[in-house]
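Student: Pasting a structure here, questions to come.
The values are calculated or read from the model by the stated rules, or taken from the named source; none is laboratory data. It should be emphasised that the depicted structure is a prediction, and the values quoted were computed from it without experimental measurement. Cβ sites come from the backbone with ideal geometry, for glycine too, and all protein chains shown count toward neighbours. Side chains included, ligands, DNA and RNA excluded: accessible areas come from the protein's heavy atoms. Shrake-Rupley method; radii C 1.70, N 1.55, O 1.52, S 1.80 Å.
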Amino acid sequence: MSEQTVYDAVGGTPWFVQLIDRFYAAVETDLLLRPLYPDDLTDSRDHMVKFLVQYWGGPTTYSQERGHPRLRMRHAPFVITDAERNAWYDHMADAVRKGGLSPELEHQILDYFAMSATHMINTA
């Protein structure tokens, strides 16, 4: 038997859509982060949901539509310091914590987001 993916454990795509809805609701009012995003967040939301779904074991639609994620390259045009990293992570961690996960799953997902957020820092 194969091991259950995080994607399956959280209930699939709907959990990730709700996560990103919570996250972007916070970003929309964040004075530090909001200028980094386009005026219309529709595509940003869609890309992030598809990326996370794929990363955590769901359908590979993200790569089929956009190619390799290349996260650092896609974020290179933006100044990302510790301040942006921390604001982004705080909103994402809050969104994850409101997702009704088991402590083990929550910890696993938060660890991933902490690592990813730190990896995006590109300016001292």
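Student: Rounded to the nearest Å, what's the spacing between the alpha carbon centres of region 102-123 and region 21-86? Just the number, please.
Tutor: 14
Student: Mind listing which trypsin sites (Lys or Arg not before Pro) in region 22-124 are in a DSSP loop and have 12 or fewer other Cβ atoms within 10 Å?
Tutor: Working: sites: R22, R45, K50, R66, R70, R72, R74, R85, R97, K98; in loops: R70, K98.
Here the trypsin sites (Lys or Arg not before Pro) that fit, given the DSSP loop and packing criteria, are R70, K98.
Student: Could you work out [θ]222 nm for the chain from helices alone, using -39500 (n - 2.57) per DSSP H run of at least four and dividing by all its residues? Round to the nearest 500 deg cm²/dmol.
Tutor: Values: 7 runs with 77 residues, N = 124.
It lands at -19000 deg cm²/dmol.
Student: Using the eigenvalues of the Cα gyration tensor, what equivalent ellipsoid semi-axes result for the chain when each is taken as the square root of five times the eigenvalue, whole Å, largest first?
Tutor: 23, 17, 14
Student: Relative to the first principal axis of the alpha-carbon coordinates of the chain, what is the inclination of helix 103-119, with its axis defined by its Cα atoms, in degrees from 0 to 90 and to the nearest 10?
Tutor: Helix 103-119 sits roughly 30 degrees off the main axis of the chain.
Student: Keeping all protein chains in position, work out how much accessible area T29 exposes to a 1.4 Å probe, and write it in Å² to the nearest 10.
Tutor: Approximately 110 Å² of T29 is accessible to the 1.4 Å probe.
Student: Counting only heavy atoms of protein chains, what accessible area per residue, in Å², does the chain have with a probe of 1.4 Å? Mind showing how you got there, number by number?
Tutor: Values: 7170 Å² over 124 residues.
In whole numbers, the chain has 58 Å² accessible per residue.
Student: Something else about it: If a/c stays under 1.5 just call it rounded; otherwise compare a/b with b/c (prolate if a/b is bigger, oblate if not). Do that for region 59-123, with a ≥ b ≥ c from the square roots of the Cα gyration tensor eigenvalues.
Tutor: Numbers: a/c = 2.53, a/b = 1.18, b/c = 2.15.
Judged from the Cα gyration tensor, region 59-123 comes out oblate (a/c at least 1.5, b/c at or above a/b).
Student: Right, next: Give the longest segment of the chain that steers clear of GluC sites (Glu not before Pro) in DSSP loops with at most 13 neighbouring Cβ atoms within 10 Å, not counting the sites themselves. Don't skip to the end; give the middle numbers.
Tutor: Values: sites that count: E3, E28.
The longest uninterrupted stretch comes out as 29-124.
Student: Using heavy-atom solvent-accessible surface (probe 1.4 Å) with all chains present, what is the largest-first order of Y24, Y37, Y55? Show your work: numbers first, answer last.
Tutor: On the way: Y24 5, Y37 45, Y55 110 Å².
Heavy-atom accessible area, descending, gives Y55, Y37, Y24.
Student: If you take the square roots of the eigenvalues of the alpha-carbon gyration tensor of region 1-53 and sort them as a ≥ b ≥ c, do you get rounded (a/c under 1.5), prolate (a/b over b/c) or oblate? Display every interim value, and only then the final one.
Tutor: Details: a/c = 3.32, a/b = 2.69, b/c = 1.23.
Cα axes put region 1-53 in the prolate bin.
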